[in-house]
1. How about Lys251: which lysines have a C-alpha closer than 23 Å to its C-alpha, ignoring those fewer than 8 places off in the same chain?
2. Rounded to whole Å and ordered largest first, report the semi-axes of the equivalent ellipsoid of segment 1-51 derived from its Cα gyration tensor (root of 5λ).
3. Each residue of segment 190-206 in order: what ³J(HN,Hα) in whole Hz does its phi give by Karplus 6.51 cos²θ - 1.76 cosθ + 1.60, θ = phi - 60°, with x for Gly and Pro?
4. Can you tell me the relative contact order of segment 28-326? Whole percent, Cα pairs under 8 Å, sequence separation 6 or more.
5. Relative to the first principal axis of the alpha-carbon coordinates of the chain, what is the inclination of helix 294-307, with its axis defined by its Cα atoms, in degrees from 0 to 90 and to the nearest 10?
6. Based on other C-beta atoms within 10 Å, arrange Ile292, Ile305, Ile107 from fewest to most.
7. Based on the mean of other beta carbon atoms within 10 Å per residue, what is the order of 158-168, 133-143, most packed first?
8. On C-alpha positions alone, give me the angle between the axis of helix 277-288 and the longest principal axis of the chain, in degrees, nearest 10.
Amino acid sequence: MTTPLPDIRPRRTRATPAWRRLVAQTRLHARELVLPMFVREGVSEPVPISSMPGVVQHTTDSFKRALHDAADAGIGGVMLFGVPAHKDATGSGADDPDGILNVATRIAAAEVGGDLVVQTDLCLDEFTDHGHCGVLDGAGRVDNDASLERYRAMALAQASAGSALLGLSGMMDGQVRAVRDVLDAHGHHDTAILGYAAKYASALYGPFREAVQSSLEGDRRTYQLDPANAREGEREAAIDVAEGADVVMVKPASLYLDVLSRVAAASPVPVWAYQVSGEYSMIEAAAANGWIDRERAVLESLVSIRRAGADGILTYWAVEAAHLLQDGAGA
Ligand code: PBG
């Protein structure tokens, strides 16, 4: 007896590049990518971040050039992080109008505010000497409600500096409502909020800690989500939406595609994912060893995040990926 020939042949629509391009279900576009950028106070040359090859802490001059490169590449936006020269217990540089992040925001709004959505990280960890995302109480615990007061002050500073979208990444309870209230009370009705709704306590933020010279000892497990919990990620997204978030985030991306897919299925607002520093560095390190094809891995990682349901992606490869897509790669 011979095996019958297959009467269903899914390979037909995979046969040529033209077929594959035509039937690709998930498409990646430059305009849905957001580039995270680091601007460091008091340096005259860009400083490479050794654990993130190709990423630097910018000077204000190199930052300006990179902003125009990003706009020219046609990406959707930039997410700004400041690296201050001095840190203290309350992160006072965060809401100082002359603090590095607010200075960088004014530059970005002036240089590319018409082409890109200028976004800012609204969190204290870059500015505190203990490295936590909030302020500490007498017992050394992160004090939720006292941290909200600091976030409100940061929100006003960032909105006044010209940020169009505030990225609330601190994971304090009630942060979206607290920031929405203070923005509205001061006439910043049009400043939008990105709720880092499902932000997990991940080992993949390691390289970022070098990028912002974090002095954190210990971890963030009392405020970021336990990697074991998917339901809680959905709940956090629902809470952020109820409190007024305009966009919600799942972070990291690649190891949390199930959470992303669940949040995307339920969310009435756009859902973004943050392909974090460790996701970047893992692919860069493997590629540097010749173990994987770098460009293919970069595009595959991004298309997979889109396939899982992300409407937008924060990625350190945003500009490069935009160029690759223009060249027809990934087709
Ligand atoms: C908090 C913040 C972090 C990242 C983005 N915003 C660090 C953290 O929560 O530990 C990490 C991003 C990355 O790893 O690329 N300000």
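No value in this document is a laboratory result; all are computed from the given coordinates. If you're wondering where the values come from, they're calculated on a predicted model, not measured in any experiment. As a convention, Cβ positions derive from the backbone with ideal geometry for all residues, glycine included, and neighbour counts pool all protein chains shown.
1. Lys251 reaches Lys199.
2. Numbers: eigenvalues 528, 45, 15 Å².
Working from the Cα gyration tensor, I get semi-axes of 51, 15, 9 Å.
3. Once θ is set to phi - 60°, the couplings for segment 190-206 become 8, 7, 8, 10, 9, x, 7, 5, 10, 9, 8, 6, 10, 5, 6, 8, x Hz.
4. Details: 628 pairs, mean separation 56.6, N = 299.
Averaging sequence separation for qualifying contacts and normalising by length gives 19 percent for segment 28-326.
5. 80
6. Numbers: Ile292 16, Ile305 28, Ile107 21.
By the 10 Å Cβ count, ascending, the order reads Ile292, Ile107, Ile305.
7. On the way: 158-168: 23.2, 133-143: 15.8.
Highest mean packing first, the order is 158-168, 133-143.
8. Tilt relative to the chain: about 50 degrees.
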